[in-house]
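Participant: Okay, handing you the structure first.
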Amino acid sequence: MKLRLFIAFTLTSGLIKKIAFLEKELDKISGRNLDWIPLKNLHLTIIFLGYLDYQSYLKVAKIFDSFKLDQPLQLRITKVDYGPPENRRMLWLYGARNQYLEDIKKEFENKLSREGVDYKRENRLLIPHINLLRIKGGKDIGNIAKDLNWQVSLTEIALFQSQLSFSGATYEKLKSIRVS
């Protein structure tokens, strides 16, 4: 059996409240109730590992047990807009590029390589983002882009298992690391 795994920062309750307020505002702008991803499922992905066998999962769990997070991730949320930049299939909260986030990603990638974990490595630039909405059937929801200037402090990285179903994805936190 394979596990669909990813590594992500969890969101604080304060950020989730801000997002809930923003979603209500965007519903008004769009003139309809949009099908938002449930607030409890929101996260900032660092690495999507894909489908891994159980032995690979154990290696990733071992990495989590030894990983240290020395300080919170200080991230500036800059806008809400369609994403990824080259197409309009989701609505994202975009974060400013962040060297600390890139360093964390690189450290995880190095540890995964050393442990021999075979995962779907992406060789593109990390664009910090939180996916708020999947746009189904290419339906345009209008011009709802908005500049933001939110400062957030994220203090927990988690290893999640994602299970896909017709009603959407569900996520289970398998391991986590908090700022020490």
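The values are calculated or read from the model by the stated rules, or taken from the named source; none is laboratory data. Note that the structure is predicted; figures quoted are calculated from it, not measured. In this analysis, Cβ positions are derived from the backbone assuming ideal geometry, glycine residues included, and neighbour counts consider all displayed protein chains.
Participant: Applying the selection to segment 56-98, what residues are free of Cβ contacts under 8 Å to residues at least 60 places away in the same chain, small (Gly, Ala, Ser) and farther than 14 Å from Phe9 by Cα?
Facilitator: Ser66, Gly83, Ala96
Participant: Only one of these conditions is not met by Leu42: (1) closer than 24 Å to Thr170 by Cβ; (2) surrounded by fewer than 19 Cβ atoms within 10 Å (Cβ to Cβ); (3) modelled with pLDDT of 95 or more. Which number is it?
Facilitator: The single condition Leu42 does not satisfy is (2).
Participant: Name the single residue, out of those in segment 99-133 being among the acidic types (Asp, Glu) and either touching a strand residue (DSSP E or B) at 6+ places or on another chain (Cβ under 6 Å) or in contact (Cβ under 8 Å) with a residue 12 or more places away in the chain (or both), that is nearest to Leu34 (Cα to Cα).
Facilitator: Out of the qualifying residues, it is Glu122.
Participant: Could you tell me whether any residue of segment 22-36 is among the hydroxyl-bearing types (Ser, Thr, Tyr), out of contact with any Ser or Thr (no Cβ under 8 Å at 6 or more places or on another chain), within 19 Å of Ile157 (Cβ to Cβ) and touching a residue at least 12 places away in the same chain (Cβ under 8 Å)?
Facilitator: No: zero hits.
Participant: Within segment 86-180, which strands (runs of 3 or more DSSP E) (wholly inside it) include 1 or more residues that are more than 25 Å from Ile29 (Cα to Cα)?
Facilitator: Counting at least 1 such residues, we get 146-154, 156-163, 170-178.
Participant: Among the residues that make up segment 82-92, is at least one of them over 25 Å from Asp53 (Cα atoms) and basic (Lys, Arg)?
Facilitator: yes
Participant: Follow-up. Kindly provide the set of residues from segment 63-85 that are over 18 Å from the mean Cα position of the chain (by Cα) and loosely packed, with under 13 Cβ neighbours inside 10 Å, ordered by number.
Facilitator: Correct list: Asp65, Ser66, Lys68, Asp70, Gln71.
Participant: Filter segment 39-50 down to the residues that are in contact with a strand residue (DSSP E or B) (Cβ under 9 Å, 6 or more places away or on another chain) and either of a type in the set (Ser, Thr, Tyr) or outside any loop (DSSP other than H, G, I, E, B) (or both) and list them by number.
Facilitator: Lys40, Asn41, His43, Leu44, Thr45, Ile46, Ile47, Phe48, Leu49, Gly50
Participant: Tally up the residues in segment 123-177 that are surrounded by 10 or more Cβ atoms within 10 Å (Cβ to Cβ), under 21 Å from Phe48 (Cβ atoms) and of a type in the set (Ser, Thr, Tyr), please.
Facilitator: The total comes to 4.
Participant: When segment 1-38 is examined, which residues are found to be assigned to a helix (DSSP H, G or I) and either of a type in the set (A, V, I, L, M) or touching a Cys at 6+ places or on another chain (Cβ under 8 Å) (or both)?
Facilitator: Answer for segment 1-38, where residues must be assigned to a helix (DSSP H, G or I) and either of a type in the set (A, V, I, L, M) or touching a Cys at 6+ places or on another chain (Cβ under 8 Å) (or both): Leu15, Ile16, Ile19, Ala20, Leu22, Leu26, Ile29.
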